[in-house]
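Okay, so here's the structure we're looking at.
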Amino acid sequence: MNKVLEIDSLDFSYHTLSGETKAIENVSFDVFENEFLGIIGPSGSGKSTILSLIFGLLTPTSGEIHAAELTHTAGDTPIGYMLQKDHLFEWRSIYRNITLGLEINHQLNDEKKEFIDKMLADYGLDGFKDARPSQLSGGMRQRAALIRTLALKPQMLLLDEPFSALDSQTRLSVAEDIYGILKKEHKSAVLVTHDISEAISFCDRIVVLSQRPGTVKNIIPIHLSVDEKTPLKARNAPEFREYFNMLWRELHDEG
Ligand SMILES: Nc1ncnc2c1ncn2[C@@H]1O[C@H](COP(=O)(O)OP(=O)(O)OP(=O)(O)O)[C@@H](O)[C@H]1O
Ligand SMILES: [Mg+2]
């Protein structure tokens, strides 16, 4: 399997007026093509910091990030970033929210428009192109935000607690939808979440971080006996509880 991302011995400290905060220490992991990698860890353990480093919003204090297989072909973005809040602008329609990034980059051509129309139809938002974000449910808004990210044709997605603003019912069905969309589009993803069950049901491997400064305590591969894994089916797998207990212990044992 090809590696799409290689992270080697990353350290990062924030510098503020009140001093230095070491956020992560010696963090290494890889992401393979078509893989969904989860990152779980206590609040403040540096999960969002790691995503910002991968995306290039922050520069590591030391260590290296290689995105070797992520080729930057004309008009495509190697990495897409999706946050907990959907950041849809109320003053633009859903369609014009989705096209915003492309408009800014002068990349909104016929091919991209066709691609967006197809995603809107495939993912149940066809009739909502002209709606304002406030007219959509939380789940629909998250789908619109995902289409906006996918319109830039990223090869890998960084997802920072993308479902945590949703109520627990919606959360399950949106996770199911987004999982299906990402698999269908053959994306790799890094998913940050507080939710152990969500990580097990969504991810192929899970990186467990320690308390701040975040270090990698363990990387756990998830193998569930379900045919054709989806987040909902995964929750019924016989191994699910065992993984849950294992990850719970990893998170709560600070040894
Ligand atoms: N801009 C900043 N300036 C200074 N310190 C920061 C900044 N952003 C984060 N930190 C500190 O770095 C540490 C890691 O923060 P980060 O947001 O990456 O954690 P996290 O694991 O994503 O937490 P959460 O689960 O609460 O989202 C925290 O202790 C935080 O206080
Ligand atoms: Mg965070």
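Worth pointing out:
- Tabulated pairs, segment 171-197, first under 26 Å from N245 (Cα atoms) and touching a residue at least 60 places away in the same chain (Cβ under 8 Å), second β-branched (V, I, T) and open to solvent by less than 10 Å² (accessible area, probe 1.4 Å), C-beta under 6 angstrom, 6+ apart or interchain: V192/I39
- When segment 180-205 is filtered for residues that are touching a strand residue (DSSP E or B) at 6+ places or on another chain (Cβ under 8 Å), crowded, with 20+ Cβ neighbours inside 10 Å and farther than 17 Å from G41 by Cβ, the ones remaining, listed by number, are L182, K187, S188, A189.
- Test: residue in segment 208-216 that is under 18 Å from the mean Cα position of the chain (by Cα) and surrounded by 18 or more Cβ atoms within 10 Å (Cβ to Cβ): yes
- For segment 174-215, filtered to residues that are closer than 18 Å to V226 by Cβ and polar (S, T, N, Q), the residue that is nearest to ligand 2 (Cβ to nearest atom) is S197.
- Apart from one condition, L172 fits all of (1) in contact with a Lys or Arg (Cβ under 8 Å, 6 or more places away or on another chain); (2) away from ligand 1 (no atom under 16 Å from the Cβ); the exception is (1).
- Residue in segment 157-169 that is over 28 Å from S52 (Cβ atoms) and surrounded by 15 or more Cβ atoms within 10 Å (Cβ to Cβ) present: no
The values are calculated or read from the model by the stated rules, or taken from the named source; none is laboratory data. On a predicted model such as this, the values are computed, not experimentally measured, just so you know. Neighbour counts run over all protein chains shown; Cβ positions are idealised from the backbone, glycine included. Note: areas computed on protein heavy atoms with side chains; ligands, DNA, RNA excluded. Shrake-Rupley method; radii C 1.70, N 1.55, O 1.52, S 1.80 Å.
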